[in-house]
Structure formats: C-alpha cells, structure tokens
Amino acid sequence: MALMLLALRLGSGGDWRPSVATFEPTVGLRPAACLTPGFESGPSVAPLLAVSREGTEVSPPLINKEMLALLKTARIEGVAREMAMPMVAAGRMPQKIGGLDGEDRKKLFINVLLPTVMVVLDEVRQERRQLLSILAELGDGAIKMNFAPGRKDWQRRLGHEKTKFILSLTRKYKTERAVDLVAMVDVLPPSLILAQGALESSWGGSHYALESNNLFGMYASDDGPAPPKIMEFGSILDSVRAYVLHLNRSSAYKELRRIRSQTLDPMRIADGLTAYSERRQCYIDEVKHIIALNRLRHYDNLLLTTG
C-alpha cells in the first residue's frame, strides 16, 4: 500500500474528510495515582502503520527501515511553518525507547506519538465539522433537538446518509442531545495529550506502554469485586482514540469540556483533569509542568492538510 503523504501546516486544515471513527471502548479510566512503572524493555517493535483515507482502518505494517527513513525526513522537533509528514499511526513504541534517557527518549517519544495524535484529532475535527454543518442545515432550534433513533421528523429532513452519520455519533458519544454532541465532539490540544502520555507512560518506556500499547494509564471499569485491569490495545492508534473519546464523553470531564468551549489553552483545559488521578491538583500541576518544561505548546497549531 502506497504511503499517503500529508503536510503539517500552521493554520487551517484542508478538505480531507474521514468517516466517523468506529472504535468505541466499553471501559473508561479508573481515577488512580500517577503510574510510575519501571523502564523494562517490551516485545519486538511493530512498525508504524499507514492509515486509510477513512481514518478508521489500518493497513498491514510497513517495513521498519522505510518508516524510519520517513521519520528522519520529517523530523518533528525542528518544525518549520510547513513540512512533509507521513500520515501514519504508531503500532508500538520502539523497543529501544526503554533504554534511552533524558532528551533522547523524549524526542523519540514525540516523533512516534505526535503523528498518531494528529490523525486522531483530525478524525474528531472532521466529525465536528460535519455535525455543525448538519445542525446549520436544520436551522434555528437545532441545538435543542433530540436525535432519538425512533423519531422520524429529523431523519426525513436529513436523508439517509446524514441520518446514518448522526446516529453513529449518538452511539459513539452515548447521547442523543444535539447540545451534548456539540460539547463532546471537539479536539484537545496536542500538548495536553503528549504531556499526559509522557506522564502516564514514563515517556513511552513503561511496561504498560511497551506490553499493552497503553500510554494513558487506562483501566477497565471496576464495577465488580475483582481489581481493575489495565486495558490492552492493538496499537497506539487505538490507545489515543480511546483516551480522546474518554475525555470527550465521560461525565467526569464535563468541566474540562466546559473550559474547552471557552479556550484551547492547554494550561486551562488541564484544570478539568481533577478526576484523572487520586492526586488531583498535584497531578494537574505535573501535567502543566511537563507542557511548560518541554515547550509542548509548540505543536498546538499544527493541522493535517493534504499535501
């Protein structure tokens, strides 16, 4: 499969429009103390994966050498105003990351994770764009609508394809209210995602990151007597999708979404992460410190555009 090249550009995005992502986890995050796993090496690394135009399917793995060459060509830490960037999503963190220290580990972590983050955020951005377009088509009062599948009034007005899209969103975000969908279907600052991933995975070198592709400390819901279990993902792409969807959908992060409706400043949005860890404000302060210390806001204006 030929690798599709995109550009990372400061400013607005292009016209590429994926379909609604179909990944829908059935579990959420367990509020817990910050994970501090060791630096054990993981299994053999799987290469990065090429993502289809629909944004929801992943091709067979590419050859490692080919992907390493592409990443070398499109170095992330030296971002220019416009640069070629392969549209790829990470299969696994490189095994060698567990043996790196300091800036070397950070650079490799960002180089592997950031393209995947941009793919997931673009999926959400396209969902939001299509949602707002449909609401504008419905006219005044659309924000108060209830998109219940049994109601035919709004479905007749939209037609089959747009109805199908809206119903897929209501299932994914577990709400039928238009006002809730507008609040939930939105992007997060890349700097916030990178900082939480770095904190929860020890910059990609933790046991959970290498063995389970779990970069965000995600646990299965602890509804029963059994202890909660760390979630396992088939790829880092699925891990990022699950994390973004959880912050966008869970009632625990309603305040985060309220803040986001006013600003995309990661330092302010981070104040909505109170439920993410038992350390609460201490955890929030640590996320903010990682963003500031590593100048991660440098990546917040990057968008995927067609080349």
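Taken together, the values in this text are just the output of simple stated rules run on the coordinates, not laboratory data. Here the structure is a predicted model, which means the values were calculated and not measured. All Cβ positions, even for glycine, are placed from backbone atoms using ideal geometry, and neighbour counts span all protein chains on display.
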Count neighbours as other Cβ atoms within 10 Å of each site's Cβ, and list the trypsin sites (Lys or Arg not before Pro) in segment 200-259 that are DSSP loop with at most 13 such neighbours. Lys229
Do the alpha carbons of any pairs in Lys172/Lys229; Lys152/Lys254; Lys106/Lys162; Lys152/Lys172 sit beyond 32 Å of each other, and which pairs? Lys106/Lys162
First check a/c for segment 173-307, with a ≥ b ≥ c the square roots of the eigenvalues of its C-alpha gyration tensor; if it is under 1.5, answer rounded, and if not, answer prolate when a/b is larger than b/c or oblate otherwise. rounded
In terms of modelled amide H atoms, which long-range or inter-chain residues lie less than 5 Å from the amide H of Arg177? Phe147
Could you give each residue of segment 239-244 its phi-based ³J(HN,Hα) in whole Hz, using Karplus coefficients 6.51, -1.76, 1.60 with θ = phi - 60°, and x for Gly or Pro? 5, 5, 4, 5, 4, 4
Can you work out the Karplus-derived ³J(HN,Hα) for every residue in segment 189-202? Use 6.51 cos²θ - 1.76 cosθ + 1.60 with θ = phi - 60°, whole Hz, and x for glycine or proline. x, x, 4, 5, 5, 4, 5, 5, x, 5, 5, 6, 10, 6
